[in-house]
1. If you go through region 92-102 one residue at a time, do you hit one that is open to solvent by less than 60 Å² (accessible area, probe 1.4 Å) and closer than 20 Å to Arg14 by Cα?
2. Can you tell me which residue among Arg39, Arg84, Arg120 is out of contact with any Leu (no Cβ under 8 Å at 6 or more places or on another chain) and at pLDDT 95 or above?
3. So, Lys10, is that one within 12 Å of the chain's Cα centre (by Cα) and among the basic types (Lys, Arg) or not?
4. Which of the strands (runs of 3 or more DSSP E) contained wholly in region 16-126 include at least 1 residues that are free of Cβ contacts under 8 Å to residues at least 24 places away in the same chain?
5. Residues being within 16 Å of Gly87 (Cβ to Cβ) and more than 13 Å from the chain's Cα centre (by Cα): count how many of those fall in region 28-72.
Amino acid sequence: MGVDNSMEFKLEERSQGDVVVLDVRGNLDVQSAPTLKVRLDSLVNFGHQKIVMNLSDVGFIDSTGVGSLIYAQKIINPIKGGLRIVGISPRNLNVFSVMNLTDVFSIMKTEEAAVGSFHRDDSTVH
C-alpha cells in the first residue's frame, strides 16, 4: 500500500496506565503541526507528562512537523515523564537524521518498550 497523501490529519488518544499514547494519522506538516501543539498543550495542562507518540500512520513529516515534536519535548517535564516516539517510518526517520535530531528524541521500536521505559526506574513496581 502506498502512502495516501490525502489522508486526513487525526489525533487519537489512548491511555496505558499513566502514559498517554497519541496516535498521529496523516501528514505532520505546516497545516497540522499547530493542531498537534494545541493538543500537547492541553495534555500537559491536564497534568499528563508521560507521552508516547505513535507515528506509524504518518505519511510525511516536514520541518514544521519536526518543530512541533521539539515543542512537545520542551513543554513536557522530563523529571515527571518525557516524550517517546514510536512507529516512525525509515523515510521519516531520515528527516530526523538530516536535521541531526535522532539523539534529541527517544525513538523506540515498540509501543510496549516506550510505555515500559517510563516505569523502569520506578521503585514502586515490583
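1. no
2. Numbers: Arg39 fails: out of contact with any Leu (no Cβ under 8 Å at 6 or more places or on another chain); Arg120 fails: at pLDDT 95 or above.
Being out of contact with any Leu (no Cβ under 8 Å at 6 or more places or on another chain) and at pLDDT 95 or above holds for just one of Arg39, Arg84, Arg120, which is Arg84.
3. Numbers: within 12 Å of the chain's Cα centre (by Cα): no; among the basic types (Lys, Arg): yes.
When the stated conditions are applied, Lys10 does not pass them.
4. Values: elements: 19-28, 50-61, 82-86, 106-108.
The strands (runs of 3 or more DSSP E) meeting that bar are 106-108.
5. In the first step, residues of region 28-72 are kept if they are within 16 Å of Gly87 (Cβ to Cβ); the result is 28, 36, 51-61, 65-66, 69, 72.
Right, trim to more than 13 Å from the chain's Cα centre (by Cα) and you get 59-60.
Selection size over region 28-72: 2.
The values are calculated or read from the model by the stated rules, or taken from the named source; none is laboratory data. Everything quoted here is computed from the prediction, not taken from an experiment. So basically every Cβ, Gly included, is an ideal-geometry build from the backbone, and we count neighbours across all protein chains shown. Surface areas here come from the heavy atoms of the whole protein model, side chains and all, with no ligands, DNA or RNA. Shrake-Rupley method; radii C 1.70, N 1.55, O 1.52, S 1.80 Å.
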